Amino acid sequence: MNLNKSKSPPFVHKNARIAHKLVYFLIVGSQIGVGVLGFVRYIAKYVRQDSWIIVILGGLSIHIILWMMFKILNKHGGDLFNIHHQFFGKWLSLPLSSLFIFYYLVTGIVILRTYIEAVQNWMFPGIPIWTLSFFFVALTYYIVGKGFRVVTGIAYFCFVLTIWMTFTHYFPIRYGHFINLLPVLDFGLKDYFQAFKVMVLSFLGIEYLFAYYPYLENPKKAQKWAHIGAATTTGIYMLTTLSTLMYFSPKQLQGLTWPTLQEWKIVTLPILERFEYVGIAFFAIVVLINLAIALWTSSRGINRIFDIKQRIAIIPLSILLFATPVFFTTRFKVDELNNIIGKFGFYLLYAYIPLLFIISLLKKGEKT
Amino acid sequence: MKKFLSLLVCLLLTACNTEKEVLDDITMVRSFGFDKYPKKNHINGTIIYPIYIDEQTFKMRDLSAAGETAKEVRAELNEMVSKPLFVGKLNTVLFSQEIAKEGIMETLDMLQRDPGVGRAIYLAITKESTKEILTIDNNLANHDGNFYSSLIKQNENYSNLPHLNFHTFLYAYFSDCMDPILPYLSHRNNSVKIKGLALFKKDKMVGTLGEEDLLAFKTLYQNLNEGSYQFSSQKYKGNLEILKSRIHYTILAKPHHRVILNVNVKGRLTEYTKVNAGKPNVIKGIERNIEKELNREGYKLIGKFQKLNIDPIGIGEHVRSRTRAFDHKGWNKNYSGLDIKVKYQVKITESGISQ
Amino acid sequence: MRFFNTGKSIKSNPLAQENENKALDQNILWQEIGMSDWISGFIESLIDQERFNKEVLCFIQKNQSLKCKELYEQLPFSNKHYKKDPDKQTINSMVLQGCVALKKRSSKEMIFVHVEKAPNLRPISVPEVEFSVIGPKEAFNENLETNLVLIQKRLPTSALQIEFIEIGQRTKTKVAILYLKDIANETNVKTLKERLAGIDYDHILDSSYLIQMIEDNKMSLFPQLIDSERPDRIAASLIEGKVAFLTQGSPHGVYGPVSIVEFFAAFDDYFVTWHISSLFRIMRMFAVLFSIFATPLYVSVITYHPELIPDDLLSTLTTSRTDIPFPPVLEALFLELTIELLREAGARLPTKVGQTIGIVGGIVIGTASVQAGLTSNVLLIIVALSALASFTTPVYRMSNAIRIVRFPMIILSQFWGLLSMTLGLMFIITHLLGLTSLNRPYLAPIYPPRLSDWKDSFVRLPFYVQKNRPDQLKVQEKKKISWWKKRDIDEFE
């Protein structure tokens, strides 16, 4: 074990790098998770018809954070682990980086467990958690084992295979009531802040960039695409929010766990009714890309800090990813897990990254 | 390693054996009806489901059971069938008038919580007991179990029945300032007829609306592109086919709360007697006349709603959307005394294919 | 026969050579020539006796007294060799190529003259697997030289490089590697050459042996190189910048690197207008998706999600399913296997009989199993359609792969219906993402997304739109055309 590995900026072979435009799919793929099926309820709890404003605000703030991240990364080259090493030295960087690895892994666990929850509630009530978890983790292991290019490829296919689902919002909007979006700005500042804090959980995912930044072929050009990606996410969330707000009356919405799935119940096509079953099944793809990125980044982190081969590192991480969801047996526990990760993510994005940004302004940049 | 793997595969194969709902191994409930049961606090549930006669043929069969809750009824029924009950393809839920007057949410809650039940399914209230309606021997019309849903759907799309389903019921039920409505059916000549609408206060039925009021109600309730209106006066009578109807609200806050419902109706005359509709001034006259008649009907409807203290149109929701810091409790208290006006504007664009 | 002079074995196994020397010596027939000092050695079956008698023997008879070197110089043959002191191995290999060895009894010098028998080969015939209504109707045959001529006629350019290697210790199969020097990417050429040279196997009887030995992922179900019996297809691939090889004794040329979409492009797509060929290509893609997913979809919907079936379809599906004793998955597997069986039986029998089997078997077994209540007629339609759909894939290897993929998908769909099907789909996609063809990404124009390559993938746009060669191949010369100029309104030459 060589704890000094993260001292030097990472070396990535040119065949392992990805074209800068593909960062778009990584950003969209890692931001959108199972949360999109239910986040509107949590914001609407505080600001009802103004939820869409929160989505826009959240989107804008994400752009600022993303800009900061690129500034830091461009200036100091390399990845988060190297930056930690530069900023805080060997021993202080170790727990910080480890915390990040842990966080990356837990985001994966959260999304997997939340999805299994949805499957148990909507499709197969009696399905044992571990079987689903096993299939997902086995597939994730297979993906990550094939390298970062394949992970990006999955992000791309995830986008292509699921983007059409946004069109299903046509039905709830058609049957919806526009008056549910009025009047605009009818709440106190505190409510907006509360809602904003809740919203952030859905926007989490850009922080993976800290790990895969060195894999971009042309990182400076990638920034544009990362921003477009974040904007796409905001757009998708916006559409979801509008359709949900228009389709449900506020109290009705508060009684639903998965509003988007409820919306899909109304989708009726000549060859297909009850779209929610197709929707849940297709969301497996979204879950998969989130898991793959989480597993890849955490194993990459272990590789960077402890100098353990990534191929070896993913084995214990996969086992953790597979086994942990089994212990969260009730809806209550799943919610709690979501809350904790949401809070952590909030401070990570809006406190820690600005802090890093300020330090980076004070420090001299690394020559790359 | 190999042993471990094969053990794992075996485990997976057994664990993956989730509950199946094979199409032909389930009792596919197509309609569910709920009635009062003589015993206290008991309800009677009736289902119809297809049974297989021979190649290509189905017949609908009905089954009834009683219980204290809907869940219990379902369990009772399940004990009477050879294949498990499956509500995923349920398309209509009927409630008898009697039970509706006592509230239906408790029963609906069972369906609402079942992820298998759709939201595009139809709910309706029946004048007679649902058992009587569901056991009508109309196997020719209802051989595929879609009769009741098609009946309502067809009338919503091409006639004067407003668009209503399970979702709209829940939407209105959970709204602060809106009350649900449902289609009102009754038994006639060995078949079923849409008699009008059942009006609800929350989940309790409080009144009905006749079929003659349906069009006026529909124009106030939603925008529509299809419908027909019978009008008459001493001089003539005729039928206006509605091509387009749009509603918008004018809300005046000062000096006191007033709401005006403006409805723009565009239509064409499809039948009329005793006048020459080719002349522009005659058409103008007819337009004014229809407006007057509709205004009166609209006013009458609103008056009825205010008297019952219900708001099926959702006027309160519209006011809320235009008022900052809306106080819905105060609104609901003052609703019955509110000044609500209806203003129709009718335009006849065509007068049929023959002069 | 000018090609074979460059023939050189890149690799040889000393042990195998020794065995060969022992064995082959006995086959050579050493004969004295008339009353002269000369002896000749050859293998009877390989040489043209008449030519040998007339041309070689007569000449020697007349010039008996000449020295070996002199005789070599005067011998009226273009294809001849002179070796001062050849070892046994050289003699063997020359004689085995169809030469006659001539030497004077007293000296060690030898002359080799090519008088091999022109083999009686299958004539150039019409392509059978890749038949096209329009366009050339020549197909490769089993003779490497003929095949090379077919390609050279199409590409009369000095840039066309043909290199030979011998593969197979025992069969010594000649393999010709073809590429265009000024277009093809050198790394691709190097990769192919190295992989071919790395093969160490005792017999190579067809190019498909080689395909399986040099594929990037040998465990994969999906073919990673395309073989074609059409010389025009090979020529076209060379012009695109690909590398091809032909094998002695195989009527199929092979080329690469390829991407998955090329497997769904028939060559006659280029012979019809672009609208039609685009339509056909899209249709083929849908056919593939249908053929993989239709039956599993049926199984999962019927088993787990009857909610998805629209009201109007419900009674149709239910009537067809009632009275069927098996669960949907067994019913589907039963029918799918029946179809595979019919196909296999048809393939093993002579064409005419095979056709009859197909029709009779299809109709009789299909109808009977529905009437017997073993399968539902809706499923019968789905299975028959998906079998039909799998045959639209122009490349035979690919259509095989697609037929096989369906089975795990059916079994998966029995697990959790649509959910496990989605996981299966993602597994296939991951697998495809990991594949390469001669180290180039296999899913190329789709991922990595190269929009400029889409012009000739799912659709085939007009030729003038396709200005560049595919990005995937990283060719030296990108431009395909430069002549196209858009005319302004009312502008004339």
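Please get the size of the charge dipole for the stretch B:196-236, origin at its Cα centre, with Cβ charges of +1 on Lys and Arg and -1 on Asp and Glu, quoted in debye to the nearest 20.
Charge dipole of the stretch B:196-236: 180 debye, to the nearest 20.
GluC sites (Glu not before Pro) within the stretch B:41-82: which are DSSP loop residues with at most 12 other Cβ atoms inside 10 Å?
Filter output for the stretch B:41-82: B:55, B:79.
Once you have the Kirkwood Rh of the stretch C:210-278 from its Cα pairs, apply Stokes-Einstein at 20 °C and 1.002 mPa s and quote D in µm²/s.
Estimated via Stokes-Einstein, D reaches 164 µm²/s.
Taking DSSP loops as anything outside H, G, I, E and B, show the longest stretch in chain B free of trypsin sites (Lys or Arg not before Pro) there with at most 14 other beta carbons within 10 Å.
In chain B, the maximal stretch lacking such sites is B:41-201.
On alpha-carbon atoms, Rg over Rh for the protein assembly as shown using Kirkwood Rh?
1.08
For residue B:19 paired with residue A:358, estimate the spin-label separation in nm (one decimal), with each label point 7 Å from Cα along the Cα-to-Cβ line.
Spacing of the two 7 Å Cα→Cβ label points: 5.6 nm.
Obtain the radius of gyration and the Kirkwood radius of the stretch A:6-136 from its C-alpha atoms and give Rg over Rh.
In the stretch A:6-136, Rg relative to Rh is 1.04.
Give me the extension gain from residue C:49 to residue C:106: residue separation times 0.36 nm, minus the current Cα-Cα distance, reported in nm with one decimal.
Length gained between residue C:49 and residue C:106: 18.0 nm.
I need the calculated FRET efficiency for the pair residue A:339 and residue A:7, taking r as the beta carbon distance and R₀ as 35 Å, to the nearest 0.05.
0.45
Could you tell me whether the stretch C:144-258 comes out rounded, prolate or oblate from its Cα gyration tensor? Rule is a ≥ b ≥ c as square roots of the eigenvalues, rounded for a/c under 1.5, then prolate if a/b exceeds b/c, otherwise oblate.
prolate
What is the distance, in nm, between label points placed 7 Å from the Cα along the Cα-to-Cβ direction at residue C:129 and at residue B:282?
8.1 nm
For chain A, what is the mean residue ellipticity at 222 nm derived from helices alone (per DSSP H run of n ≥ 4: -39500 (n - 2.57); sum divided by total residues; nearest 500 deg cm²/dmol)?
That calculation yields -23500 deg cm²/dmol at 222 nm.
Would you mind checking the pairs A:333/B:71; B:244/B:343; B:218/B:307; C:62/C:83; A:14/A:221; B:201/B:347 and listing those with alpha carbons more than 24 angstrom apart?
Table pairs above 24 Å Cα-Cα are A:333/B:71; B:201/B:347.
Over 25 Å between Cα atoms: which of A:190/A:224; A:45/A:265; B:36/B:202 fall into that group?
A:190/A:224
Using only C-alpha atoms and all pairs of different ones, pull out the Kirkwood radius for the stretch B:13-209 in Å with one decimal.
17.2 Å
What list of whole percents do you get for P(r) of the stretch B:91-183, with Cα-Cα distances grouped in 5 Å bins up to the one holding the largest distance?
Taking all Cα pairs of the stretch B:91-183, the binned fractions are 3, 12, 21, 25, 23, 12, 3, 1, 0 percent.
Quick one: net charge of residue A:304's neighbours, Cβ under 14 Å, K/R +1, D/E -1?
Taking every Cβ under 14 Å from that of residue A:304, the sum is +3.
Roughly what percent of Cα-Cα pairs across the stretch A:5-362 reach past 38 Å?
15 percent
How large is the Kirkwood hydrodynamic radius of the stretch C:276-441, counting all unique pairs of alpha carbons, in Å?
17.1 Å
What's the FRET efficiency of residue C:219 with residue B:329 using the Cβ-Cβ distance as r and R₀ = 56 Å, to the nearest 0.05?
Approximately 0.20, to the nearest 0.05.
Please identify which residues in the stretch B:328-351 have an amide N closer than 13 Å to a label point set 7 Å out from the Cα of residue B:201, following the Cα→Cβ vector.
Counting backbone N atoms under 13 Å from the label point, the list is B:333, B:335-336.
In nm, give the distance between the simple-model label positions of residue C:363 and residue B:136, each being 7 Å from the Cα along the Cα-to-Cβ direction.
Distance between label points: 4.8 nm.
Antiparallel versus total DSSP beta bridges in the stretch B:13-209: what percent is that, nearest 5?
70 percent
How would C:274, A:91 line up from fewest to most surrounding beta-carbon atoms within 10 angstrom?
Final ranking by Cβ density, sparse to dense: A:91, C:274.
Does the stretch B:223-355 come out rounded, prolate or oblate, given a ≥ b ≥ c as the square roots of the eigenvalues of its C-alpha gyration tensor, rounded meaning a/c under 1.5 and, failing that, prolate meaning a/b above b/c?
prolate
How about the stretch B:192-242: which GluC sites (Glu not before Pro) there lie in a loop by DSSP and see at most 16 other Cβ atoms within 10 Å?
Taking the stretch B:192-242 and a limit of 16 other Cβ atoms within 10 Å, the loop GluC sites (Glu not before Pro) found are B:226.
Convert each backbone phi in the stretch A:288-295 into a coupling constant with the Karplus relation 6.51 cos²θ - 1.76 cosθ + 1.60 (shift: θ = phi - 60°), then list the ³J(HN,Hα) values in order as whole Hz, x for Gly and Pro.
Running phi through 6.51 cos²θ - 1.76 cosθ + 1.60 with θ = phi - 60° gives 4, 5, 4, 4, 4, 5, 4, 5 Hz.
Measuring from a point 7 Å past the Cα of residue B:72 along Cα-to-C-beta, which residues in the stretch B:98-119 have an amide N at less than 18 Å?
The answer is B:99-100, B:102-111, whose backbone nitrogens lie closer than 18 Å to the label point.
R0 = 56 Å: FRET efficiency of residue A:98 with residue B:308, Cβ-based, nearest 0.05?
0.25
What shape does the stretch A:96-150 have by the C-alpha gyration tensor, where a ≥ b ≥ c are the square roots of the eigenvalues, rounded means a/c under 1.5, and otherwise prolate means a/b greater than b/c and oblate the rest?
Here the stretch A:96-150 falls in the oblate category.
Can you give the direction-averaged projected area of the convex hull of the alpha-carbon atoms in chain B, in nm²?
Mean projected area for chain B: 27.4 nm², to one decimal.
In whole angstrom, how far apart do the alpha carbon centroids of the stretch B:60-137 and the stretch A:137-210 sit?
38 Å
For the stretch B:231-246 and the stretch C:251-266, compute the distance between their C-alpha centroids and round to whole Å.
About 70 Å separates the Cα centre of the stretch B:231-246 from the one of the stretch C:251-266.
Of the chymotrypsin sites (Phe, Trp or Tyr not before Pro) in the stretch B:258-311, which ones lie in a loop per DSSP and count no more than 13 other C-beta atoms within 10 Å?
Here no loop site has a sparse enough neighbourhood.
In whole Å, what three semi-axes, largest first, describe the equivalent ellipsoid of chain C built from its Cα gyration tensor (square root of 5 times each eigenvalue)?
In descending order, the three semi-axes are 55, 29, 20 Å.
Report the normalised scattering of the stretch A:203-308 as log10 I(q)/I(0) at q = 0.20 Å⁻¹, calculated by the Debye formula with identical scatterers on the alpha carbons.
Evaluating at q = 0.20 Å⁻¹ gives log10 I(q)/I(0) of -1.13.
Given the Cα-Cα distance of residue A:45 and residue A:15 and 0.36 nm per residue of separation, how much length would full extension add, in nm?
Full-extension gain reported as 6.0 nm.
Bear in mind these aren't lab numbers, they're just calculated from the coordinates by the rules spelled out. In this text the structure is predicted, and so the values were computed from the model without any measurement. Note that each Cβ is placed from the backbone with ideal geometry, even for glycine, and that neighbours are counted across all protein chains shown.
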